[in-house]
Amino acid sequence: MTDRQQNIIFTNLVGQALDTLIGEQPTKGGLFIISDENTTDNVVSPLLATAPLLKEHLTGEIVIPPGDIHKDIETLYNVWGSLSDEGATRNALIINIGGGMVTDLGGFAAATFKRGVRFINVPTTLLGAVDAAVGGKTGINIGNLKNEVGAFAPAEAVVISTVFFNTLDRRQLLSGFAEMVKHGFISGNETVNNLLNFDIDKIASDSFLDILADNVNVKRDIVFQDPTEKGLRKALNFGHTAGHAFETLSLERGTPVPHGYAVAWGMLTELALSHLCHQFPSDIIYRYASFLKENYGVPDISCDDYDRLISLMGHDKKNPIEGEINFTLLASPGKPMTDCIVPSEEIKGALDLTRDMLGI
Ligand code: GLY
């Protein structure tokens, strides 16, 4: 890791930003783009038309199959092979263009090829821009185990733009927005209130770029203080222990929900826990519950699911010790409390409150 803040460029002139970055970097070791089959035609081709320097110096385009199911060792092996076949050296520069799957896998390929080459991330989804592309976590899945193998390796630069969001559907946008709300809860009352009052239909607009920049910088600043998640960075796991359980339960039932929806519901359960354990103020929890109902709907759970949900919370990768469930909770907006061990009875109480507030 480096001792400087990650270089994040917020712009809707992505081609120009990439040409500027390439002009500043030697590309003698080869210049590569990694994208997936969904982004190669829709995003990469038009982008190349606006980035003459990138087009001129480009050594090769590596296109991988899309979806989390392909964030695996086979795809990674093929990327390493393509880099090798095309003569990439240790001085190569890789540009990952796509959602979180591409930036996670492409970042890990870069972190490991020739023991590490430079890379730039260009996230094309809101979820990727707010979370995956920033902060240096790279990796792949092993079977059902998400991000089981990986490395902390920060991108040289991340270029974030709203221009790609026009092609995303409402569910994808809301999925990313949930991670923004998470940053709001971690950073303070004003940010979270502004987000809960934001007109979601304006997510893909140009004016959203400034809001996005302030929000992503919440994560950038936390990562700068704790790049390898020894302490403060665990604040970014708020909503994720319960969210992981909602996500896995929906998968087990064959009705998967987007990651951000599960996190959005998980944050309500963890706010309820924060109230029970640390007196988090209830007015903002009710405000958040009505925002959830209006935009995300409600999870399909009853009291019969509590034992399974709690067991899934215990198997979350952030909970290595059997029988102990570890949460990041909040004393109030802007006051995260990491490593809170909570007994099952309290979690059941929080699940009851979640269902009461959502009317399920
Ligand atoms: N997604 C949380 C983190 O990057 O730490």
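So which pairs qualify, if the first residue must be in the stretch 336-353 and closer than 16 Å to ALA235 by Cβ, the second must be of a type in the set (A, V, I, L, M), the Cβ gap must be under 7 Å, and the two must be at least 6 apart or on different chains?
PRO336/ILE186; PRO336/ALA235; PRO336/LEU330; MET337/LEU329; MET337/LEU330; MET337/ALA331; THR338/ALA235; CYS340/LEU329
With the structure loaded, tell me whether PHE327 is outside any helix (DSSP H, G or I) and either under 29 Å from GLN172 (Cβ atoms) or open to solvent by 10 Å² or more (accessible area, probe 1.4 Å) (or both) or whether it fails that test.
yes
Give me a count of the residues in the stretch 92-120 that are among the aromatic types (Phe, Trp, Tyr) and part of a helix (DSSP H, G or I).
2
Return a yes/no flag: does the stretch 35-53 have any residue that is farther than 13 Å from GLY106 by Cβ, crowded, with 17+ Cβ neighbours inside 10 Å and in contact with a Ser or Thr (Cβ under 7 Å, 6 or more places away or on another chain).
yes
Among the residues that make up the stretch 346-353, is at least one of them among the basic types (Lys, Arg), at pLDDT 95 or above and more than 17 Å from LYS182 (Cα to Cα)?
Yes: one or more hits.
Condition check: more than 18 Å from THR228 (Cα to Cα) and surrounded by fewer than 24 Cβ atoms within 10 Å (Cβ to Cβ). Does PHE113 satisfy that?
yes
Within the stretch 273-307, track down each residue that is assigned to a helix (DSSP H, G or I), in contact with a strand residue (DSSP E or B) (Cβ under 9 Å, 6 or more places away or on another chain), over 13 Å from THR354 (Cβ atoms) and open to solvent by less than 20 Å² (accessible area, probe 1.4 Å).
Passing the criteria: only ILE284.
Is it the case that the stretch 81-93 has a residue that's under 21 Å from THR162 (Cβ atoms) and among the polar types (S, T, N, Q)?
Within the stretch 81-93, not a single residue is under 21 Å from THR162 (Cβ atoms) and among the polar types (S, T, N, Q).
With the structure loaded, tell me whether PHE152 is open to solvent by 20 Å² or more (accessible area, probe 1.4 Å), closer than 30 Å to LEU268 by Cα and under 15 Å from the mean Cα position of the chain (by Cα) or whether it fails that test.
The answer is yes for PHE152.
In the stretch 121-153, what residues are in contact with a helix residue (DSSP H, G or I) (Cβ under 6 Å, 6 or more places away or on another chain), among the hydrophobic types (A, V, I, L, M, F, W, C) and part of a strand (DSSP E or B)?
Passing the criteria: ILE140, ALA151.
Count, please, the residues in the stretch 194-243 that happen to be within 12 Å of the ligand (Cβ to nearest atom), closer than 25 Å to ILE284 by Cα and open to solvent by less than 60 Å² (accessible area, probe 1.4 Å).
13
Would you mention how many residues in the stretch 253-272 are in contact with a strand residue (DSSP E or B) (Cβ under 9 Å, 6 or more places away or on another chain) and among the hydrophobic types (A, V, I, L, M, F, W, C)?
1
Look at LEU127 and say whether it is surrounded by fewer than 20 Cβ atoms within 10 Å (Cβ to Cβ) and either under 25 Å from GLU247 (Cβ atoms) or aromatic (Phe, Trp, Tyr) (or both).
So LEU127 fails the test.
The values are calculated or read from the model by the stated rules, or taken from the named source; none is laboratory data. Computed from a predicted structure; not experimentally measured. Cβ sites come from the backbone with ideal geometry, for glycine too, and all protein chains shown count toward neighbours. With ligands, DNA and RNA removed, areas are computed over all heavy atoms of the protein, side chains included. Shrake-Rupley method; radii C 1.70, N 1.55, O 1.52, S 1.80 Å.
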